[in-house]
Each structure stands twice: as C-alpha cells, then as structure tokens.
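See below for the structure under consideration.
Computed from the coordinates by the stated procedures, all read-outs in this text should not be read as laboratory data. These numbers were taken from a predicted model, which means no experiment stands behind them. Please note: Cβ atoms are built from the backbone with ideal geometry, for glycine as well, and neighbour counts cover all protein chains shown.
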Amino acid sequence: MRNRWSAASAAAAAALLALTGCGSDESGAAAAGPHYYLSLGDSITVGVQPGEDRIPQETSESYTDMLYRHLYDSDSTLRHERIGCGGEDTTTFLEGGLPSCEKRYDGAPQIEAAEDFLSEHEGQVSLVTVTIGGNNFTRCVEGLGDTEDVSSAVLDTDCVDDGLERIESEAPEIADRLRTAAGPDTQIIGMTYYNPFLAAMLLEAEAEAEPSEEPSPEEAEDAEPEIDPDAGPSLAEAEGELPLDASLGGYATDVLEQMNESLRSAYAAADIQVADVEAAFDSTDFDVPEDSGTGWPANVQAVCDLTWMCNTERGPDIHPNSEGARVIAEAFRAHLS
C-alpha cells in the first residue's frame with residue numbers, strides 16, 4: 001500500500017511539474033546560467049594582425065574566435081570570455097608589468113584574472129585555452145622592421161637563453177595554477193609554437209643571392225636560397241649576437257624544439273592537452289616538397305603562407321594571418337571533448 005501511494009504521488013508531481021514547466025530541460029538550463037569558453041594568452045589569442053598602416057591591431061579573426069564560432073554552432077548558450085593580451089610572455093603572465101595588459105585585469109597579472117574568473121564561475125567553464133611563451137623571444141631579434149634592410153637583423157643568443165629558462169621554470173607554474181583554479185574536470189588545451197623567423201632567414205638568403213642581372217631559368221633554380229638545418233652553431237654552441245640568416249637553421253630548430261618540449265612537459269604534468277601547432281606549421285620539416293612552386297622548404301613555405309612574415313606590404317610580421325589562425329584552430333579542435 002505504501003509503495004503504491006508513493007508511485008501515485010510521484011506521478012502526480014511529475015504531471016504538475018510538466019504543466020508548469022518547472023521540470024523542463026530548458027528551465028534547468030536557465031537555472032544553471034550560462035557557461036563559458038575562456039581563452040588566455042598573448043597576441044595570437046586576441047588575433048593581432050598588421051593593418052594597412054603596418055601597425056599591429058587586434059581583430060576578430062584569432063584562432064580563439066574561430067574556435068568559439070565552431071563551438072557556438074553546436075551550443076548557442078556558450079559565451080566566450082577572452083582575457084588574452086598582446087605582448088604577454090610567461091613572466092608578465094604571472095607577475096604583470098605590461099601597463100596596456102594590466103588595464104584589462106584591473107591592475108592584476110593575467111593569471112590572477114583567470115583564477116578570479118574561474119572562481120566566480122565555478123562549474124560553468126567548459127573549456128580553457130592558453131597560448132603563452134612565444135613572446136619570451138620576440139625581443140631577442142633586432143633590426144627586423146623593414147624587408148628592404150633585413151640584412152641588419154641580428155639575434156641575441158643571451159636573450160634567447162633567458163627566454164628558454166623562463167619558459168622552463170614558469171610554464172609549470174602557469175599550468176599548475178590553471179589546473180587548480182579550473183578543477184580536474186574542466187578541459188584545458190595549450191599549444192606549441194611555430195618559428196616565424198625561418199622566413200626572415202629566407203629573406204636574408206634571397207637578398208644575398210640576388211643577381212645583378214636577370215638570370216636564366218636554370219641559373220635561377222641553381223641560385224635558390226636554402227636553409228640548412230645542420231648549418232651554423234647548435235643551441236649549446238651559439239654565443240653573442242648572430243646574423244639572422246640561412247646559417248641559423250640548426251640553431252633555430254634547437255630553440256623551437258626545446259621551447260616546445262618545455263611547454264609539452266609542463267602541460268602534461270597538469271593534465272592539460274596540447275594542440276601541436278609546431279607540426280601543423282611543418283616547423284621542423286626542411287625538405288622541399290616535390291610539387292613546390294617556390295623551391296622553399298616546407299616549414300618556410302608554411303610560415304610564408306600562414307603568417308605575415310613574407311608579406312611586403314604589411315610585414316614582415318610574426319602573427320598568423322586568417323588562414324594561419326584557421327590552421328591553429330583546427331589543431332585545437334582535434335582535442336575537443
């Protein structure tokens with residue numbers, strides 16, 4: 001008798017809830033409030049690209065915007081919280097120091113802004129992406145502001161060593177703090193980087209190889225500049241300032257691989273997935289494809305196609321163009337759960 005009464009009462013209650021709408025999925029979703037995709041990081045996060053005046057500016061064509069549009073197509077209740085800021089490196093991400101960025105976070109460093117958002121929206125953040133580390137090296141290159149004078153560009157190896165050391169020590173703290181703030185169930189995806197300076201080496205090689213007279217097709221093919229991955233000093237051997245030319249192929253690859261390995265290790269330890277942008281940009285592939293129309297290595301071709309480095313009207317500029325942002329977004333999409 002008792003069980004029959006309970007079943008009848010439950011049925012009546014369910015009917016009442018159905019009539020009033022109080023038990024519907026729509027009401028439950030509304031009660032839970034919105035949920036979020038949180039993007040963090042540097043200028044790649046906020047879609048910085050050079051304008052027609054060659055001045056870098058934020059756009060709505062970042063990989064994070066493209067990733068959000070993809071997610072929104074499946075879930076129109078998702079909101080995008082974009083906290084990233086151009087110029088951030090691993091140190092400023094943790095400690096602040098960039099006035100233009102701190103204005104966005106009420107004077108706090110970006111990591112604290114991220115922690116505050118995750119705390120205030122506990123249980124509502126379904127995805128976090130982070131892109132940080134590339135700016136540890138952007139200040140290490142001097143004289144790369146004019147394609148007509150690329151021969152003046154030099155690389156400060158002491159600056160590079162410092163950038164690598166900061167990534168190795170600071171990326172684990174960034175990863176650990178994000179995981180702690182987000183909790184164990186929130187998906188977080190970081191990324192590796194491409195090497196935009198491969199194109200600068202190509203520009204310098206082309207400048208050196210430029211003939212005084214119009215060459216024949218055979219002479220032009222023979223004079224095609226090459227970037228040798230085994231040329232020049234290794235990371236362990238390089239010292240002082242080095243010309244940013246084709247002889248830095250081996251050094252540049254060593255730097256990229258060590259940087260990305262530090263990022264992978266830090267993210268893996270915090271259960272953060274990694275979008276392999278290094279591979280998406282063919283970053284360590286120095287082979288020339290058989291069907292190449294330029295004779296350039298695959299990694300140089302990718303940088304020219306996917307960034308503004310080889311654009312003579314707006315570049316050279318290290319940032320991804322719209323196609324480059326799409327490729328990066330695809331690398332992230334491969335990990336979406």
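Quick rundown of the values:
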quantity: Theoretical FRET efficiency, 1/(1+(r/R0)^6), r = Cβ-Cβ of Glu165 and Asp285, R0 30 Å, to 0.05; calculated: 0.65
quantity: Using θ = phi - 60° and Karplus 6.51 cos²θ - 1.76 cosθ + 1.60, couplings along the range 52-61 (whole Hz; Gly, Pro as x); calculated: 4, 8, 6, 8, x, 8, 5, 9, 9, 10
quantity: Gained length - Glu241 relative to Leu78, 0.36 nm times residue gap less alpha-carbon distance; calculated: 53.9 nm
quantity: Residue-by-residue Karplus 3J(HN,Hα) for the range 299-312, coefficients 6.51, -1.76, 1.60, Hz, glycine and proline x; calculated: 5, 5, 4, 4, 4, 5, 6, 10, 10, 9, 5, 9, 7, 7
quantity: Three-way shape label, the range 58-100, alpha-carbon gyration tensor, a/c 1.5; calculated: prolate
quantity: Rg to Rh, two decimals, where the range 33-333 supplies the alpha carbon set and Rh follows Kirkwood; calculated: 0.99
quantity: In Hz, Karplus ³J(HN,Hα) per residue of the range 320-337 (6.51, -1.76, 1.60; θ = phi - 60°; x = Gly, Pro); calculated: x, 7, 4, 5, x, 4, 5, 5, 5, 4, 5, 5, 6, 4, 4, 10, 5, 9
quantity: Under 5 Å, built H, 5+ apart or other chain: amide partners of Ile188; calculated: Val128, Gln273
quantity: Total formal charge among the other residues, if their Cβ is under 11 angstrom from that of Ala270, Lys/Arg +1 and Asp/Glu -1; calculated: -1
quantity: Total formal charge among the other residues, if their Cβ is under 12 angstrom from that of Ala108, Lys/Arg +1 and Asp/Glu -1; calculated: -4
quantity: Charge sum, other residues only, whose C-beta stays under 14 Å from Pro99's C-beta, Lys/Arg counted +1 and Asp/Glu -1; calculated: -2
